[in-house]
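Input: a single structure, listed below in structure tokens.
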Amino acid sequence: MISIEGLTKIFSTTTKNRITAVDDLTLDIKEGEIFGVIGYSGAGKSTFVRLVNRLEEPSAGKVVIDNQDITTLNSNQLRLTRQEIGMIFQHFNLLWSRTVKDNIAFPLEISGVPKREREERVGELIKLVGLAGRENAYPSQLSGGQKQRVGIARALANRPKVLLCDEATSALDPETTNAILDLLVDINEKLGLTIILITHEMHVIRKICNQVAVMEEGRIVEQGDVLDVFLHPKQRVTKKFVEQVMGTEGEHNGVEELVNMYESGKIVRLHFVGESANQALISHVARSFNIDINILQGKITQMQQGAYGTLFVQIDGHTDEIERAITYITDETSVEVEVVRNVE
């Protein structure tokens, strides 16, 4: 669907001072995928997404969308192609003198769509994004989440194949952010849209994305399936993003403090991946074996591919029975087991 090869953007601030915002970036995005691009401020991610629809002109490389290289198009061809690439922004970019329905209709007016067809399309989009009853409101009368819903509806007006989201939830509170992310998933499923999501928040990535690319200093330093990246982060910056969501920084130190509370058994780290985290594993093991299990600490979070997380537990009982329980977890489930410490 989208193939990007050697994409580079260099800004020249003076004759001698050049800043490489995007540096030889190459990636492929499948049709119908929600693809996340994450990085801290200055990583180049916003410049990257603006290169995808040529709001910024690339210094080198090419962007192929649906078998068409948009870097070779003239201005008239680009104008038509952009109708197939919707974009939503962090600060909404609404027309404050226009109502909700008129904001949504604006790109259709520019495209020359007849009035009756415009009205029908606007009505469809208002229902899709959950703004029924707010058609005649002005942006100043809307909440942040409602404004972003208008922005999404406007971006969808011309029935695009691709939706670009540049920090689309960064200005919203957590509850509203989750509602907007749920809406994007719904749109992705109903319309089959390919979505590129730019963010600096890992919880946004884990909630709705299938694939993720991590950017640092204009380059992609890590890329893959979101669950794989969570499980095995390789780069320092990726590990920091995972810690944002999981709160794993210093977790072993915290467990060491808790170990002193117990005089026997084993301290075990259980690493849950996918559907297994939704099973009542702890209670099942406690019933099936003559052992006691105490949960010390941990966290499990939901992702598109299922659940992911870690629990630290203390298992107490006869040594043979503890080993039988650990063997069962290792052999009969997908949960990874690590004995952190024998307390005896």
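The values are calculated or read from the model by the stated rules, or taken from the named source; none is laboratory data. Note that the structure is predicted; figures quoted are calculated from it, not measured. Backbone-built Cβ (ideal geometry, glycine too); neighbour counts: all protein chains shown. Ligands, DNA and RNA are stripped out before the accessible areas are found, and what is left, the full protein with its side chains, is counted by its heavy atoms. Shrake-Rupley method; radii C 1.70, N 1.55, O 1.52, S 1.80 Å.
Backbone geometry of segment 313-321 corresponds, through the Karplus equation with coefficients 6.51, -1.76 and 1.60 at θ = phi - 60°, to 3J(HN,Hα) couplings of 10, 9, 10, 10, x, 5, 4, 5, 5 Hz, x marking Gly and Pro. Applying Stokes-Einstein at 20 °C and 1.002 mPa s to the Kirkwood radius of segment 47-142, computed over alpha-carbon pairs, gives a translational diffusion coefficient of 139 µm² s⁻¹.
Couplings 3J(HN,Hα) of segment 45-50, computed from phi: 5, 6, 5, 4, 5, 6 Hz, in residue order, whole Hz [Karplus 6.51 cos²θ - 1.76 cosθ + 1.60, θ = phi - 60°; x for Gly and Pro]. Can you tell which of 210, 47, 178 lies farthest toward the positive end of the dipole of the chain, using +1 and -1 charges on the Cβ of basic and acidic side chains (Lys, Arg; Asp, Glu)? It is 47, whose Cα lies furthest towards the positive end. Amide H to amide H distances under 5 Å link residue 59 with 8, 9, 10, where only residues 5 or more positions off or on other chains count and H is placed in the peptide plane.
Partners of residue 9 within straight-line reach, counting lysines whose Cα lies under 23 Å from its Cα and excluding those fewer than 8 residues away in the same chain: 45, 62.
Take the solvent-accessible surface of the protein heavy atoms, probe 1.4 Å, and return the percent of it on the chain that carbon and sulfur atoms account for.
Details: 7210 of 16720 Å².
Answer for the chain is 43 percent, counting heavy atoms of protein chains only.
Under 5 Å from the amide H of residue 33 lie the amide H atoms of 195, each residue being 5 or more positions distant or on a separate chain, with H modelled from the backbone and absent for Pro and chain starts. Charge dipole (Cα centre; +1 on Lys/Arg Cβ, -1 on Asp/Glu Cβ; no other charges) of the chain amounts to roughly 2000 debye. Would you please give the FRET efficiency between residue 19 and residue 235, computed as 1/(1 + (r/R0)^6) with r the Cβ-Cβ distance and R0 = 25 Å, to the nearest 0.05? Rounded to the nearest 0.05, the efficiency is 0.70.
Listed by chain and number, the aspartates and glutamates whose alpha-carbon sits under 15 Å from that of residue 101, ignoring those within fewer than 8 places in the same chain, are 109, 117, 119, 120, 124, 135. Normalised by residue count, the chain yields a Cα convex hull volume of 171 Å³ per residue. Per residue, the solvent-accessible area of segment 92-132 (1.4 Å probe, heavy atoms of protein chains only, all protein chains present) comes to 57 Å². Over every Cα atom in segment 87-232, the radius of gyration and the widest Cα-Cα span, Dmax, amount to 16.2, 53 Å.
Using a Förster distance of 45 Å, how high is the FRET efficiency between residue 320 and residue 300, based on the Cβ-Cβ distance and rounded to 0.05? Provide the component values of the computation, followed by the final result.
Details: r = 29 Å, r/R0 = 0.65.
Efficiency computed from Cβ-Cβ geometry: 0.95.
Model label sites at residue 55 and residue 138, defined 7 Å from Cα along the beta-carbon direction, differ in position by 2.5 nm. Figure note: 41, 3 ranked by solvent-accessible area, largest first, 1.4 Å probe, ligands and nucleic acids not counted: 41, 3. Since only 64, 267, 136 are under comparison, the one whose Cα sits farthest along the positive direction of the charge dipole of the chain, derived from C-beta charges on Lys, Arg, Asp and Glu, is 136. Residue-wise HN-Hα couplings along segment 87-93, as the Karplus relation 6.51 cos²θ - 1.76 cosθ + 1.60 with θ = phi - 60° gives them from phi, are 8, 10, 10, 5, 10, 6, 6 Hz; Gly and Pro carry x.
Full extension of the chain between residue 191 and residue 264 yields a length gain of 20.6 nm, computed as 0.36 nm times the residue separation minus the alpha carbon distance.
Rolling a 1.4 Å probe across all protein chains gives residue 336 an accessible area of roughly 90 Å². Amide H to amide H distances under 5 Å link residue 87 with 164, where only residues 5 or more positions off or on other chains count and H is placed in the peptide plane. Its Cα centre serving as origin, segment 66-193 has a Cβ charge dipole (Lys and Arg +1, Asp and Glu -1) of approximately 480 debye.
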